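Peer 1: One structure follows; several queries about it will come next.
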Amino acid sequence: MARKTQGSRAEVLFPLAALLLDALAVVISFNLAYWLRFYSPLTRIMPLQWGIPEQSYYLVFSFITVPIFLLIFATRGLYGLHHRVSILDEFNRVVKSTLLVLPWLFATAFFYREISYSRAVFAMIAVISVVVLTIERAIIQSVQRKLYRHGIGVLSAAICGTGNLAQSIHNRLQGNPSLGYFSLGFISVDDHEPKVKPLLGSYSQIQEILTRESPDLLIIALDHSERPRLEEIVRYCEGIDLDFLFAPDPVVVMESKAQPETIAGLPLLKIKESPLFGWKGVVKRGFDLGFSFAALVIAGPILALLALLVKLDSRGPLLYSQERIGLDGHSFRIHKFRTMIPDAEKASGPVWAHQGDPRTTRVGKWLRRLSLDELPQLFNVIKGDMSLVGPRPERPHFVGQFRKVVPMYMERHRVRSGITGWAQVNGLRGNTSIEERTRYDVYYVENWSLGFDLKILVLTIREVLIGKQAY
């Protein structure tokens, strides 16, 4: 089945547009660096010793190095369609790719002996190209999202499966048109008639369905009860020219990380490893302590002001302490500025806060909205109960419930709990799906890095300012 859909044409046009704009950005970066070095006020700080070379030399050199930029960017996957990432991730990818370009740029300059090129200009080219390319790619993403919202370049998907996983994928695609995907509907796997809509047909008719609907890709999203049919589904799909994606549940993702190990000559299989073992744990703990001490020094006056506002607003203690479950399932006392009336759960028992909660004080409403009530947890970080970044800790009452019904929920406790986390910066704050939050938390546990922590801390500022789940 040859693909001739609008989405398939976009697979050529969008990356081509990005490639051409990247080439233009590289040429602009060379010319900006040339002006900055030889004509800007910077010359007062770095006086010119050998005069001003003709700009044409740098212009020609930029045309020579453009293919190097584009080739390395392509090998780094920067021209993949629909691979939308945040501006921070895009910046990180551009920086890493540009650093790979620099040795080739110096080598080219060495063999291209028309003139002796300024090393200062090359340093400026590296910095300016990163800035220009990141801005250019941010603009591309913005335009691309607008086109997607108008149905231009959108890839259509058929979803094989009708369980919770398939429905979750369908709802995400339909609820986020700017992602660039559209769900045509479901292909049933079980023998009984499912209640999901739109239903395209049964998996035994998959070739006819794909020919009739002409999707750009097929997403196989099977729940546990449907998974025995996977081999049959793959067989029915033989000979079909289509992109096939398999959506594993968190358990499958975890199993895919299994690695062979040999100890004392015995072949073993490592199915899990400590995420912060050895130096990784030392680095994370050192970062937590340094950042927390600095934050407390800088935010000291703010903490004093908030404490005064809490005391003046309503009677009761300044801080609210509560038992939570953290690393390795051990309990600790978490501290927050009090945002509710005293004995708020006396009548209801343990419950989550909700929007418009009458138990919240006047000052407490905006403290919770801006997450300023969490600042005393910096002392929890210094004590070692928590980390700056990690899964948010829950109360023993809720942990006892969730561990029975949410797959891999206890995997969250393999690292210290955090003041903020990967789930929270993705909009999963407050009374949101615990299953979704667990998926994000487990991903964080399995993919920790110091750069990941820094990214989450930056994104936390954005979420605090524009997020809508804090109440």
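Where a number appears in this text, it was derived from the coordinates with a stated rule and is not lab data. Fair warning: this is a prediction, and the values are worked out from it, not measured in the lab. FYI the Cβ positions are ideal-geometry reconstructions off the backbone, even for glycines, and counts take in every protein chain you see.
Peer 1: Which of the pairs LYS336/LYS404; LYS284/LYS455; LYS146/LYS197; LYS284/LYS365; LYS284/LYS404 have their Cα atoms more than 23 Å apart in this structure?
Peer 2: LYS336/LYS404; LYS146/LYS197; LYS284/LYS365; LYS284/LYS404
Peer 1: When a footprinting reagent is the concern and you count Cβ atoms within 10 Å, what order do GLU54, GLU435 take, fewest first? The partial results should precede the final answer.
Peer 2: Working: GLU54 11, GLU435 16.
Ranked by crowding around the Cβ, least crowded first: GLU54, GLU435.
Peer 1: Shifting gears a bit: Rank these for me by crowding, ILE68, ILE219, ILE87, going from fewest to most other beta carbons within 10 Å.
Peer 2: Details: ILE68 18, ILE219 23, ILE87 13.
Least to most surrounded, the residues fall as ILE87, ILE68, ILE219.
Peer 1: Contour minus end-to-end for ILE52 and GLN322, with contour as 0.36 nm per residue of separation and end-to-end as the Cα-Cα distance? List each step's numbers first, then the result.
Peer 2: Values: separation 270, 0.36 × 270 = 97.20 nm, distance 6.80 nm.
Fully extending the segment from ILE52 to GLN322 adds 90.4 nm.
Peer 1: Specify whether the C-alpha gyration tensor of the stretch 155-247 places it in the rounded, prolate or oblate class, a ≥ b ≥ c being the square roots of the eigenvalues: rounded for a/c under 1.5, otherwise prolate if a/b is larger than b/c and oblate if not.
Peer 2: oblate
Peer 1: In the stretch 291-324, whose amide N lies under 19 Å from the spot 7 Å out along Cα-to-Cβ of ARG362? List them in ranges.
Peer 2: Residues 305-318 fall inside that zone.
Peer 1: Quick check: pseudo-label points 7 Å beyond the Cα along Cα→Cβ at LYS383 and HIS224, how many nm apart are they?
Peer 2: 3.8 nm
Peer 1: What is the calculated FRET efficiency for HIS330 to ALA299, with r their C-beta to C-beta distance and R₀ = 25 Å, to the nearest 0.05?
Peer 2: 0.35
Peer 1: Same structure, new question: Mind listing which trypsin sites (Lys or Arg not before Pro) in the stretch 131-211 are in a DSSP loop and have 15 or fewer other Cβ atoms within 10 Å?
Peer 2: Here the sparse-neighbourhood loop sites are LYS195.
Peer 1: Still on this structure: Would you list MET386, MET408 from fewest to most Cβ contacts within 10 Å?
Peer 2: So the ranking, lowest neighbour count to highest, is MET408, MET386.
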